[in-house]
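Reviewing the structure listed below.
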Amino acid sequence: MYTEASAPRVPGDSAQLVTTPYSSPQGGCLNFWSNMYGATMGTLNVIMNNGASSTKLWSRSGNQGPNWQLWQVSVPASANYTIMFEGIVGNGFTSDMAIDDVSVTAGSCTLPGEKSLT
């Protein structure tokens, strides 16, 4: 997924990408790569929806550097949930962002939060 921040986009505009439903009786680990490189970078949120409730699992704002980052986010045990990626445009055209290679695996996350691809 790629969000474009140039006109006609304005600060605060958002785009959402929602996964197909998952079920993790013991919980799981959401894995994805992101690129958030730009002087006026906005915010990327990861939100879990399971019926009537939503929980923000992860959020990053601002310039995260030129390299792609691998993120792992713990997902609590739940039946029939979706994950929503929400990209929010920052204060200028240099706030394009992207995610790639999204997966959910069973069990605990193995990395201490992030890893840079160099």
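Against the definition (at pLDDT below 95 and surrounded by 14 or more Cβ atoms within 10 Å (Cβ to Cβ)), how does Val104 come out, yes or no?
Yes: the conditions hold for Val104.
Let me confirm something: among Gly62, Gly87, which residue is in contact (Cβ under 8 Å) with a residue 12 or more places away in the chain and buried (at least 19 other Cβ atoms within 10 Å of the Cβ)?
Step by step, each of Gly62, Gly87 is checked, and only Gly87 is in contact (Cβ under 8 Å) with a residue 12 or more places away in the chain and buried (at least 19 other Cβ atoms within 10 Å of the Cβ).
Would you pick out the residues in the range 1-58 that are within 16 Å of Met97 (Cβ to Cβ), of a type in the set (Lys, Arg) and modelled with pLDDT of 95 or more?
Once the filter is applied, which keeps residues that are within 16 Å of Met97 (Cβ to Cβ), of a type in the set (Lys, Arg) and modelled with pLDDT of 95 or more, the range 1-58 yields nothing.
Taking the condition touching a residue at least 40 places away in the same chain (Cβ under 8 Å), of a type outside the set (Asp, Glu) and out of contact with any Pro (no Cβ under 6 Å at 6 or more places or on another chain), does Gly28 pass?
Taking the combined requirement at face value, the residue satisfies it.
Among the numbered criteria (1) of a type outside the set (Val, Ile, Thr); (2) without any contact (Cβ under 8 Å) to a residue 40 or more places away in the chain; (3) in a strand (DSSP E or B); (4) surrounded by 13 or more Cβ atoms within 10 Å (Cβ to Cβ), which single criterion is violated by Asn45?
(2)
Which of the residues belonging to the range 28-42 are assigned to a loop (DSSP other than H, G, I, E, B) and either of a type in the set (Phe, Trp, Tyr) or surrounded by 13 or more Cβ atoms within 10 Å (Cβ to Cβ) (or both)?
Met36, Tyr37, Gly38, Thr40, Met41, Gly42
Inside the range 56-85, can you point out the residues that are charged (D, E, K, R) and over 9 Å from the mean Cα position of the chain (by Cα)?
Lys56
The values are calculated or read from the model by the stated rules, or taken from the named source; none is laboratory data. Note that the coordinates shown come from a computational prediction; the quantities given were computed from them, not determined experimentally. Ideal geometry is used to build each Cβ from the backbone, glycine not excepted, and the neighbour counts take in all protein chains shown.
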